[in-house]
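Here's the structure we're looking at; comments come further down.
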Amino acid sequence: MVTGQETGDVALLDESIKRSSNTRQRVFSGIQPSGNFHLGNYLGAIRNWVDQQAAFDNIFCIVNLHALSQATTRETLRDNTLNLANVLLAAGLDPSQSIIFVQSDVREHAELCWLLSSVTQFGELRRMTQFKDKAGSKDEQVSAALLFYPVLQAADILLYDTNLVPVGEDQKQHIELTRDIAARFNMRYGETFVLPQPDIKATGARVMSLEDPTKKMSKSDANPNASIALTDDPDTIRRKIRRAVTDSGSDVVAAPDKPALTNLLTIYSLLSEEPISIIEARYAGKGYGAFKSDLADVVVSSLSSIQARLAELNQHPEIARSVLVDGAERARARAVAKMIQVRDSMGLGLY
Ligand code: AQP
């Protein structure tokens, strides 16, 4: 379930970039305000952003324009946006080290999306796994925004001369497309964009559904028992872990033919910061019940400090609002400067 081999090279690259550079590398990543943020978002993305924010020049974006690719309402989008800002702050993003802003506050994202669509092939978009998964058999009815999602994502990233994009494994294909779009643009119009690298960690990059370990944990999963929300209370967390599917047999081991146990052990290992082998040894011969009960304790205690900070931030929405206003101003200054260069490269504007 965890794609360590595929992603180890990028983690090494990440280390070498940090060591060899005198100036801090630019990090950009985004998250959609599209629902209940879960352990997958936390372990695959947010926690990594927090852990490495001191080492990089960071921009983190609440991508509300992306969230429009699925049907939503004004109230839902507004609530989710503020809630996500609070989650990011509660998880430890620090506005003094990272720009945190809302995508629609910087209009250059939408403008660059259109310009990049001119160097993106329709076939590339139609072949994206995320589009195929989300469109399913209804690809005639889904929004065109769902198809265009990766072009907007490329715009988000390229607008800020991003070096590294810390994401979960599901986004790898989109970052590869971003690189192709940037390279094609540079070839046609001259060197304009930095080619970004995905920063995908060796573990936690694909946390799986608790109900079906062949599917990733996802906000849009209709089954609430499939994921652990960052806001779930201790009883809910314990119940979800107790009923999480397991593999045949009773050994607590990670193995290719034990996707459910591998997923649960990975969650335990990432949150407790213990190697999987130590955890396997601890539960040898003890069966799934004892393991699941302790895993629930680990999850509850890991989330408790975030939840306490979140409760405080929810009482004071003005804190997040002020962070977002300030973040938008700082992001906009960079985006406006970049778009002057992009427009000039493309021959737009004669003045
Ligand atoms: N299951 C996961 N395991 C590890 N990382 C994950 N991410 C998402 N799911 C997992 C990472 O979280 C970041 C933010 O994701 P997003 O909100 O932009 O959208 P997503 O990837 O489409 O996530 P969801 O939860 O599945 O949302 P919906 O259902 O709304 O599409 C990204 O870095 C992502 O890799």
Check your understanding: How far is it, in nm, from the label point at Ala333 to the one at Arg126 when both lie 7 Å from their Cα along the line to the Cβ?
Key -> 4.5
Review point. For a paramagnetic label modelled at 7 Å from the Cα of Asn225 toward its Cβ, which residues of segment 278-296 fall within the zone defined by backbone nitrogen distances under 13 Å?
Key: none
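Which FRET efficiency value, to the nearest 0.05, do you get for Val325 and Thr76 by plugging their Cβ-Cβ distance into 1/(1 + (r/R0)^6) with R0 = 25 Å?
The value I calculate is 0.70.
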Exercise for review: Determine the shape class of segment 21-133: with a ≥ b ≥ c the square roots of the Cα gyration tensor eigenvalues, call it rounded for a/c under 1.5, and otherwise prolate if a/b is greater than b/c, oblate otherwise.
Suggested key: oblate
Exercise for review: Taking the Cβ of each residue in Met128, Met187, Met208 as the centre, tally the other Cβ atoms inside 10 Å and list the residues starting with the fewest.
Suggested key: Met187, Met128, Met208
Practice item. Would you mind estimating how fast segment 86-125 diffuses translationally, via Stokes-Einstein at 10 °C and 1.306 mPa s with the Kirkwood radius over Cα pairs, in µm²/s? Key: 124
Point to revise | At most 16 other Cβ within 10 Å, DSSP loop - trypsin sites (Lys or Arg not before Pro), segment 96-158 | key: Arg107, Arg127, Lys138
Practice item. Please determine, in degrees from 0 to 90 and to the nearest 10, the orientation of helix 4-20 with respect to the longest principal axis defined by the Cα atoms of the chain, where the helix direction is its Cα long axis. Key: 60
Review point. Can you tell me the Rg and the Dmax, both Å, for the Cα atoms in segment 195-344?
Key: 20.1, 67
Check your understanding: Which cross-chain or sequence-distant (5 or more) residues have an amide H under 5 Å from the amide H of Leu210, H modelled 1.01 Å from N in plane?
Key -> Ser227
Review point. Hull surface divided by four, with the convex hull built on the Cα atoms of segment 244-322: how many nm²?
Key: 6.6
Review point. Between Val102 and residues 5 or more places away or on another chain, which pairs have amide H atoms under 5 Å apart, with H built 1.01 Å from N, and which residues are they?
Key: Ile62, Ala328
Point to revise | Cα-based shape type of segment 118-223, given that a ≥ b ≥ c are square roots of the gyration tensor eigenvalues and the cut on a/c is 1.5 | key: oblate
**Study point:** Kirkwood estimate for the chain, i.e. one over the average of 1/r between Cα atoms, Å
**Key:** 21.2
Revision key, fill the gap. At the level of C-alpha centres, the distance separating segment 297-324 and segment 51-109, in angstrom, is 15
Review point. Residue by residue, what Karplus-based ³J(HN,Hα) values in Hz, rounded to whole numbers, does segment 321-327 have, using 6.51, -1.76 and 1.60 with θ = phi - 60° and x for Gly and Pro?
Key: 4, 5, 4, 5, 5, 5, x
**Study point:** Entries of Lys172/Lys240; Lys240/Lys286; Lys132/Lys338; Lys132/Lys201; Lys216/Lys258 with Cα pairs more than 23 Å apart
**Key:** Lys172/Lys240; Lys132/Lys338; Lys132/Lys201
**Study point:** On Cα atoms only, tilt of 287-315 relative to the major axis of the chain in degrees
**Key:** 40
Check your understanding: Each residue of segment 240-247 in order: what ³J(HN,Hα) in whole Hz does its phi give by Karplus 6.51 cos²θ - 1.76 cosθ + 1.60, θ = phi - 60°, with x for Gly and Pro?
Key -> 5, 6, 4, 8, 4, 5, 10, 9
**Study point:** Potential extension, Lys286-Gln315 segment - 0.36 nm per residue separation minus Cα distance
**Key:** 6.1 nm
Review point. If you rank Thr236, Thr203, Thr23 by fewest surrounding Cβ atoms within 10 Å, what's the result?
Key: Thr23, Thr236, Thr203
Revision key, fill the gap. re segment 17-86: pairs of Cα atoms spaced beyond 18 Å account for a percent value of 46
Check your understanding: By how many degrees, between 0 and 90 and to the nearest 10, does the Cα long axis of helix 108-117 differ from the longest principal axis of the chain?
Key -> 80
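Here, each number is a calculation from the coordinates, and none is a lab measurement. This structure is a prediction, so every number in the text was calculated from the model and none was measured. Glycine gets a Cβ as well: all are built from the backbone with ideal geometry, and neighbour counts include every protein chain shown.
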